[in-house]
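One structure is given here, and the rest of the page talks about it.
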């Protein structure tokens, strides 16, 4: 009998190699190859028996009624999912430890169970007593909220088939194990096997399934990359543990648009939906302080006014100036500082520059360029940006200002919050009548206009 051939599989991208190597040749990650036993090849005729009955149909005849999302009862959660969970869909939820993943899903389960739905939580990390103590903070527990505590994949599958729930949550997929698969829970083979089995079960039973996933120290979802390809939706929960604000994003969503944003506040009794984040993002702002600018950012369909702050300090003698970015792309900050120095005449070469987004959120869109450079220029010249002025626009390498998408949505939020002026690229369309548009075509002009003494005098 031939000896079983082992393979080594990358824990990051799922690529296989015949022997161990220090670096994965597919994705370049170091020390990510782990040994596993390959699965047995399918028997002759098995493939044809499984797929022989499939028939092609005209696309226009496909019934989409089964893909209608069902609301969960949590408005911000449903907003990100485009209305709710679709029957038979599989969602992967990731986030750092303690950010609120399990609490959020307990609230989703409780909301559905309160409406009479039978729902199931498979807790593979915590005991039943631990889950009960944490769930009691949310309020009364409906009798149709069912709990299975254990790490056995077969037991979880039997519970799903026997109870026929309307929603299943697995917390977490990295701690679930299949007895017939080699490897410890969390290994590449175990995660891939459990993920594949649960996805097939969800599709066969037409039940929505949510898998909780760990994240690596780099902030990416743990386990083989193939897991993200198996599921229909990938959600992430973000937030600084020192701030109460939590952000729910859809990174991948086969049933709707990605990029939508849900906002929650972490409280002692769970996560509370935040309909207006103004007090979190601008409530403690100090108008009249140099180094501050307000940006109307857009996340999905939602516009948010966020404060960008900058601080400059002389670099030490002979030291290389530092550039620190929190909530911003460090590479983009370095690029904008170079443009600000060369195209607008603001000397930032010999100073340390620290920039951040207030509130513990992250801004990555190019529309933040103008507000960021205004905050840096304001800090350098010690002249505050006017308190009622918001700014957005992309900055080019030539110092020109370029239009950005969703200008009308941004300006509507500017007007709603009570700002009266907006510094925008020259060809930005008109906005609400109570917002004055200050149109500029270059970064040099924007700095001169925003930090002019006659405007700075109105900053307080």
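Dividing the helix sum by the residues of the chain, where each DSSP H run of 4 or more adds -39500 (n - 2.57), gives a mean residue ellipticity at 222 nm of -7500 deg cm²/dmol. Stretching the chain fully between residue 241 and residue 133 yields a gain of 36.8 nm (0.36 nm per residue, less the alpha carbon separation). Length gained on full extension, residue 16 to residue 362: 121.1 nm, using 0.36 nm per residue less the C-alpha separation.
Per residue, the average separation of C-alpha pairs within less than 8 Å and at least 6 apart gives the chain a relative contact order of 12 percent.
What separates the Cα centres of region 265-314 and region 331-374 is a distance of 17 Å. Sorting 203, 101 by the number of Cβ atoms found within 10 Å of their own Cβ, with the fewest placed first, yields 203, 101.
Summarising the label geometry, the points placed 7 Å from Cα in the beta-carbon direction at residue 35 and residue 334 lie 4.1 nm from one another.
Exposure proxy for 242, 214: other Cβ atoms within 10 Å of each Cβ, ordered fewest to most, give 242, 214. Rounded to the nearest 0.05, the FRET efficiency derived from the C-beta distance between residue 163 and residue 55 at R0 = 41 Å is 0.80. A simple packing score, the average count of other Cβ atoms within 10 Å per residue, orders the peptides 72-81, 188-197 as 188-197, 72-81, with the highest score first.
Site pair residue 184 and residue 452 shows an inter-label distance of 6.7 nm when each label is modelled 7 Å from Cα along Cα→Cβ.
The label point for residue 140 and the one for residue 27, both projected 7 Å from the Cα toward the Cβ, are 4.7 nm apart.
Put simply, when 266-272, 419-425, 430-436 are sorted by average Cβ atoms within 10 angstrom per residue, most first, you get 419-425, 266-272, 430-436. Of the peptides 330-342, 364-376, the ranking by mean beta-carbon count within 10 Å, highest at the top, reads 364-376, 330-342.
Here, each number is a calculation from the coordinates, and none is a lab measurement. Model, not experiment: these values are computed from the prediction. Glycine gets a Cβ as well: all are built from the backbone with ideal geometry, and neighbour counts include every protein chain shown.
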